[in-house]
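The next block holds one structure in the form of structure tokens; read it before the comments.
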Amino acid sequence: MTGSLSASPFTAEITQAVSALNAARLAWRGRQAGRHDVSSFPSPVELARAIEHLAAALYPVRLGGFRGGALREDDFVAGQLALALAILRDQVSSELDYWQGWCDAPFEKEQPDTIVRLFAAAIPEIRALVDSDIEAAFVGDPAARTADEILISYPGALAILHYRIAHQLFSLGAAIVARVISELANARTGIDIHPGATIGPRFFIDHGTGVVIGETAIIGTNVRLYQHVTLGARSPLGLASVGPRDRLARHPIVEDDVIVYAGATILGRVTIGHGSTIGGNVWLLRDVPPGSVVVQPEAVTLDTPTAREVTAELRAARA
């Protein structure tokens with residue numbers, strides 16, 4: 001034990017906990033078939049720094065705090081990109097080192113650089129997609145005073161910005177780096193978008209808390225979701241016998257111009273036809289034709305005698 005531990009009033013408890021944790025680690029590793037020693041792993045802290053620099057490069061004035069004037073703006077963007085891409089290169093390299101333990105052949109030495117170069121080439125596309133998302137939010141939310149307000153303060157905008165970055169990295173083979181980036185947004189917003197999901201332009205998540213979008217979901221153009229919407233799978237793969245379609249296409253397809261209101265749950269590889277509206281708290285397991293409106297039965301107003309009975313029951317339950 002170290003000298004600092006010997007001075008602790010909890011030495012005995014720490015010693016016992018260390019021993020028990022050692023046993024737990026060994027038991028876990030023993031149950032993981034094919035597990036190898038991990039020498040490096042992507043860092044959420046470092047990836048958060050990379051996202052901060054990328055956001056500043058994408059939106060230097062609004063998210064980067066740049067105030068140096070138009071003549072110096074490109075230099076600022078270049079500096080932010082240099083910092084971001086250097087961090088991404090290190091994190092992608094760490095991920096490939098991790099996966100190397102499962103591979104029979106080594107990765108190309110230049111693979112991390114190749115992934116980051118391809119990602120850098122996609123950055124203008126990311127900016128264009130996020131711009132379209134912000135415009136859709138401004139059109140769709142009468143409470144928004146300006147598009148700038150949406151970009152800097154809306155949780156849906158933050159989550160979508162992270163998703164657009166993460167999706168590119170996921171598509172290029174940096175799956176863990178991408179997943180960490182998406183979870184950074186989830187931790188801040190409560191919006192969980194898997195980086196493998198395919199989402200078209202002009203995507204708007206209003207309010208957003210509790211939204212879940214699964215890995216194989218496909219979302220078209222000009223789609224709007226409200227809080228607590230789930231685009232999920234059905235049975236966990238470990239609990240059901242499934243074929244290739246259910247394994248590789250587990251989540252819904254939402255076509256263009258669809259609105260899904262708060263609390264709706266759509267599970268499995270179902271298709272929501274273009275121009276449809278899905279009402280709040282709807283549970284869907286089947287395809288919906290284009291132009292449909294799907295709602296729950298309306299709430300009813302109880303007649304006076306029944307209302308008095310229900311009120312009495314509720315009061316009795318609280319007593």
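The values are calculated or read from the model by the stated rules, or taken from the named source; none is laboratory data. Please read all numbers here as calculations on a predicted model, not as lab measurements. Positions of Cβ are backbone-derived with ideal geometry, glycine not excepted, and every protein chain shown enters the neighbour counts. Just the protein is used for accessible areas: all its heavy atoms, side chains included, with ligands, DNA and RNA removed. Shrake-Rupley method; radii C 1.70, N 1.55, O 1.52, S 1.80 Å.
Odds and ends about this structure:
- Selection of the stretch 97-110 for residues being open to solvent by less than 60 Å² (accessible area, probe 1.4 Å), touching a residue at least 12 places away in the same chain (Cβ under 8 Å) and under 20 Å from Ser171 (Cα atoms) yields only Tyr98.
- Only one entry of Arg164, Arg127 meets the criterion of being closer than 30 Å to Phe41 by Cα, open to solvent by 40 Å² or more (accessible area, probe 1.4 Å), basic (Lys, Arg) and modelled with pLDDT of 95 or more, and that entry is Arg127.
- Subset of the stretch 141-159 [open to solvent by 10 Å² or more (accessible area, probe 1.4 Å), among the aliphatic types (A, V, I, L, M) and touching a residue at least 40 places away in the same chain (Cβ under 8 Å)]: Leu151, Ile152
- Residue ranges of helices (runs of 4 or more DSSP H) in the stretch 1-96 with at least 2 members surrounded by 19 or more Cβ atoms within 10 Å (Cβ to Cβ) and modelled with pLDDT of 95 or more: 44-58
- Search result, residues across the stretch 192-208 that are buried (at least 24 other Cβ atoms within 10 Å of the Cβ) and under 21 Å from Glu46 (Cα atoms): Ile193, Pro195
- The stretch 61-75 residues that are closer than 11 Å to Ile152 by Cβ, paired with ones that are part of a loop (DSSP other than H, G, I, E, B) (beta carbon under 9 Å, 6 or more apart): Val61/Arg67
- Looking across the stretch 212-227, the residues that are within 10 Å of Val260 (Cβ to Cβ) and either touching a residue at least 40 places away in the same chain (Cβ under 8 Å) or surrounded by fewer than 22 Cβ atoms within 10 Å (Cβ to Cβ) (or both) come down to Arg224, Tyr226.
- Count - residues of the stretch 168-208 that are on the phi < 0 side of the Ramachandran plot and either part of a loop (DSSP other than H, G, I, E, B) or among the charged types (D, E, K, R) (or both): 15
- Taken across the stretch 299-318, residues that are farther than 19 Å from Gln227 by Cα, surrounded by 11 or more Cβ atoms within 10 Å (Cβ to Cβ) and either modelled with pLDDT of 95 or more or within 22 Å of the chain's Cα centre (by Cα) (or both) do not occur at all.
- Boolean, Leu169 is buried (at least 20 other Cβ atoms within 10 Å of the Cβ) and under 18 Å from Ile115 (Cα atoms): yes
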